[in-house]
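The values are calculated or read from the model by the stated rules, or taken from the named source; none is laboratory data. It should be emphasised that the depicted structure is a prediction, and the values quoted were computed from it without experimental measurement. Here the Cβ positions follow ideal geometry from the backbone for every residue, glycine too, while neighbour counts run over all protein chains shown. Side chains are part of the model used for accessible areas, which takes the heavy atoms of the whole protein and leaves out ligands, DNA and RNA. Shrake-Rupley method; radii C 1.70, N 1.55, O 1.52, S 1.80 Å.
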Amino acid sequence: LPHSLRSEIWEVTTGADQLLSACPRIYEDALRDTFPWVKDTPSGSLMERMKGFSPKKTPLFGGKLPFEFIPLNEQGQRKTKILLCVLAQNTHIEHCPVLPALVGYLLMYLPEEQGYAAAKSLLDFSCAARPHADTEEDSVPTYRYIPTTETQCLLACGILGKLLEKKVPNAAKKLEKLGVDVLKWARQWFDHLFGEVIHIGLALSVLDVFFMEGSKILQRVALAIFKTTEKDLLRAQTKEEAEEILKYKVMDLPGIQGLMKTAFAIQLRRKEMDDLEESLRTEIKSKRRKATAKDGLYYRPTVLTKSRVVKNEDQWETLFHWLDGMPGVPACAWRLAFATWRDGFSIKSMYHRCCSIGASLMLIKAFPHHEREGSWSWGLETFGVFNSHPLRVTKEFYGSGSCFVFKLHPQPERYNWKHLGEEQVATEPDDFSDESSEEEEVPPPGTPLT
C-alpha cells in the first residue's frame, strides 16, 4: 500500500472506524476506567498515571508487564497507555505477547485514539475463539488475528512445524537433523510480527495483508522464509550455521513482491490449519499440565472466612493451584460473598451479593440422596465452578474461556470448556420470581445447564 493511504485503509481493515462510529468516546472512557485517580484523563504524563496503577490487575504479555520492556519516551508512553487500557478492558486475556508489537505498528500511521480502537477491535475478534476457516453462519468473514492464550501461541507454532514438514520437507528434515528448534524461531517471528527479522517495508506489507485475512498470512510468510533460504539451509553443516542463516540471511530476502509471490505460491487452506490445530491441541495441553504440575509453585492467598464446604488443606491447595495466575484473579485475600447458611437460599440474593465482586469461586456440597441399610448415605461429592466475570442477570452470554467446573471430592478433577458456539453463561430476567422464597424451583431433569 502507498504510505499516504495506509492510515486511512488500516482504519477500515482493522475495524477501528466502525468501533469509533458506534462509540465515539470509547478511548476517553477507557482512560477514565483504567486510570480513575487522574482527574484530567486525556492529558497528563504516563508516570503520573502509574502512581496508582496495580500491576496485579493487568494480564501479562508473555511474562512481562507493558512498562517493563518499553522505553518510556514519548512514543513509548503512547504505546504503553494504549496497552494498559486495552488489557484493563479485557482482563480475561491470559497471554498475548504479540500485542506490544501490533500497537507499535499501529501508532506509526494512526493517532492514539484510532490506534486504541484498532487494537481493541482486532482483540475482540481474536477473543471469540474462532476457527481459521469461515463457518456457515458467517455472512461477513471474520478471522482470528492474534493469540490470547499461551495454548493458542503454542498451537500457532506447532501448526507451522507441521506445515513445514508438508510444504518444505527437505528443509524440515535438514533442520531436524541439525537439531534446530523450528518452534523457537516461529515463536520469535510471530511474537514480533516478523519485525526483528525482515526490513520494515516488508513487515508493513505483511501487516497490510494481516489486517485483511488474519493470522493465515503469518504462516505463509514463515513458510516463504524457509522456502527462500532452503538452498542455504541444505548446505549448512552445523546447527550454528543454520541458525545464522535464519537470523541474518533473512534480512537479505528479495523485495516485497518477491517474498509475497513465494508466500502466495504455497497452497494453504484454512481448513488445513484448523485440522492441524485440532490434532495438536490435546498434545500441547497435556504438556502444559505436566509442566505446571512439575513446577509445583503457586500463589497462596489468605482465606478470610472459614469454609463449611472445603474441609482439608489438600483441597485448598488444589484450588489455589488451579486459580494461580488465572486472568482476572488478583493476588489478594479471599472473602465470602454468599453462603446459604448465612444468607438463605434465595438465588436473587446470591446474584445481588455477587454482581460487583469480579471473578468468583462457587463451592457446593451435595445433599443426602438415598437411604441404604436404614441410614442416610450422605452425598459426599464436593464440586463447584469458577466464574471469570461477575454474575449478572442478562439476556446475553458472558464469561470467557477461563471459566471451568470442577470436582473436589472424592477425587479432584477439573473440566475445561470446549467452544461449541454458546458455551458461556446467561441468565434470563424471567428466571427470577418477583418475591424471594426460602426454596428455589429445581429444573426438571434434562434441562440444559452450562
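Can you give the net charge of the other residues whose Cβ lies under 11 Å from the Cβ of Gly384, counting K and R as +1 and D and E as -1? Walk me through the numbers on the way to the answer.
Working: positive: Lys365, Lys407, Arg414; negative: Glu381.
Result for the neighbourhood of Gly384: +2.
Ranking Leu207, Leu233, Ala265 by Cα position along the charge dipole of segment 150-273, where only Lys, Arg, Asp and Glu carry charges on their C-beta atoms, puts Ala265 farthest toward the positive end. 3J(HN,Hα) along segment 218-227: 5, 5, 4, 5, 4, 5, 5, 4, 5, 5 Hz, from the Karplus curve 6.51 cos²θ - 1.76 cosθ + 1.60 with θ = phi - 60°, whole Hz, x for Gly and Pro.
Annotation for Gln75 and Gln267: the two label points, set 7 Å from Cα along the Cα-Cβ direction, are 4.2 nm apart. Over all other residues within a Cβ to Cβ distance under 12 Å of Ala265, the charged ones net out to +4, with Lys and Arg as +1 and Asp and Glu as -1.
Can you tell me how much longer the chain between Glu176 and Asp275 gets when fully stretched, taken as 0.36 nm per residue apart minus their C-alpha distance, in nm with one decimal? Working shown, then result.
On the way: separation 99, 0.36 × 99 = 35.64 nm, distance 2.31 nm.
This chain segment gains 33.3 nm when fully extended.
Extension gain, Glu240-Glu396: 0.36 nm per intervening residue step, less the Cα-Cα distance, totals 50.7 nm.
Shown for segment 150-273: the carbon plus sulfur share of the solvent-accessible area, taken with all protein chains present and a 1.4 angstrom probe, equals 52%. Each residue, Met212 and His352, gets one label point 7 Å from its Cα in the Cβ direction; the gap between the two is 5.6 nm.
3J(HN,Hα) along segment 99-111, derived from phi through the Karplus expression 6.51 cos²θ - 1.76 cosθ + 1.60 where θ = phi - 60°, amounts to 4, x, 5, 4, 5, x, 5, 4, 6, 5, 10, 10, x Hz, with x in place of Gly and Pro. Distance between the pseudo-spin-label points of Thr282 and Thr302 (7 Å out from Cα toward the beta carbon): 4.5 nm.
In the context of the full set of protein chains, residues of segment 150-273 present 45 Å² of accessible surface per residue (probe radius 1.4 Å, heavy atoms only).
Suppose R0 equals 22 Å; then what is the FRET efficiency for Met326 and Glu413 from their Cβ-Cβ distance, rounded to the nearest 0.05? Mind showing how you got there, number by number?
On the way: r = 17 Å, r/R0 = 0.79.
After rounding, the FRET efficiency stands at 0.80.
Within the set of other residues whose C-beta is less than 13 Å from the C-beta of Ile364, count the net charge using Lys and Arg as +1 and Asp and Glu as -1. Display every interim value, and only then the final one.
On the way: positive: Arg308, Lys365, Lys407; negative: Glu381.
Around Ile364, the surrounding residues sum to +2.
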